[in-house]
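Notes follow once the structure below has been shown.
The values are calculated or read from the model by the stated rules, or taken from the named source; none is laboratory data. Everything numeric here is computed off the predicted structure, so don't read it as measured data. Cβ placement follows ideal geometry from the backbone for every residue including glycine, while neighbour counts extend to all protein chains displayed.
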Amino acid sequence: MSQLKFYQYATWALLVTNIAVLSFFLLTKPHPKGRGPGGGARGLETEAIQLLQLDQEQQKVFQRLALEHSQALRNVDRQERDQLRAYFASLLVKADSTSNEDLLEEVKLLGGQKVTLTYDHFRSVKDILKEEQRVYFEDFMKKALQILIVEERR
C-alpha cells in the first residue's frame, strides 16, 4: 500500500471517529435540572401528580393551584424587574439616595413576596392531600426545592 493511500484511509478513519465522538457527547448529554424534556415546572407538575398519587379531582385542583401560583409569580417578577431597572437607571442620572433606598426596599419586599407566595402554594398543595398521601409530601418538597434552587441560580 502506498503512503498516499495510507494517509487517505487514516484521514477518513479520524473524521468518522471525530463525528462519532461528537455525536455521542451531544446525544447523551444530560439536561440540566429544569430544562429539556420533562424539566421545570411542567415536569414537576406531572411528577408531583404521580408522586403524590393524586386522584382526578385533586389533579384538577393541583393544576389550578399551579397555574395561579405561576401567574402570581410572573406578576411579582414583572414588578421586580421594573423596580430593578429604575434602581440601576439611577446610575445614569443624578438621583437622590432616598428614592434609591425606597426602590431597593421595594425590591426586597417583592423578593419576600415571592417566597411567601411559594410557601403558601406548597401549603395549599399539602391541604388538598388525603391523610394517606401526606407521607409522599416530603419527597415532593425535596424535588420541588431542588428544582427551585437550581432555577434560581440561573
(message) Please determine whether any residue of the stretch 55-68 is closer than 19 Å to GLU138 by Cα and either touching a Lys or Arg at 6+ places or on another chain (Cβ under 7 Å) or not in a helix (DSSP H, G or I) (or both).
(response) yes
(request) Could you tell me whether any residue of the stretch 95-109 is farther than 22 Å from ALA66 by Cβ, hydroxyl-bearing (Ser, Thr, Tyr) and either touching an Asp or Glu at 6+ places or on another chain (Cβ under 8 Å) or surrounded by 13 or more Cβ atoms within 10 Å (Cβ to Cβ) (or both)? (result) no
(message) Out of ASP139, ASP77, I need the residue that is touching a residue at least 40 places away in the same chain (Cβ under 8 Å), assigned by TED's automatic domain parsing to the domain that holds LEU44, of a type in the set (Asp, Glu) and under 25 Å from LEU44 (Cα atoms). Which one?
(response) ASP139
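Return yes or no: is SER124 in the same structural domain as GLU57 (by TED's automatic domain parsing), polar (S, T, N, Q) and either in contact with a helix residue (DSSP H, G or I) (Cβ under 6 Å, 6 or more places away or on another chain) or touching a residue at least 60 places away in the same chain (Cβ under 8 Å) (or both)? Break it down into steps so the answer makes sense when it comes.
Values: in the same structural domain as GLU57 (by TED's automatic domain parsing): yes; polar (S, T, N, Q): yes; either in contact with a helix residue (DSSP H, G or I) (Cβ under 6 Å, 6 or more places away or on another chain) or touching a residue at least 60 places away in the same chain (Cβ under 8 Å) (or both): yes.
So SER124 passes the test.
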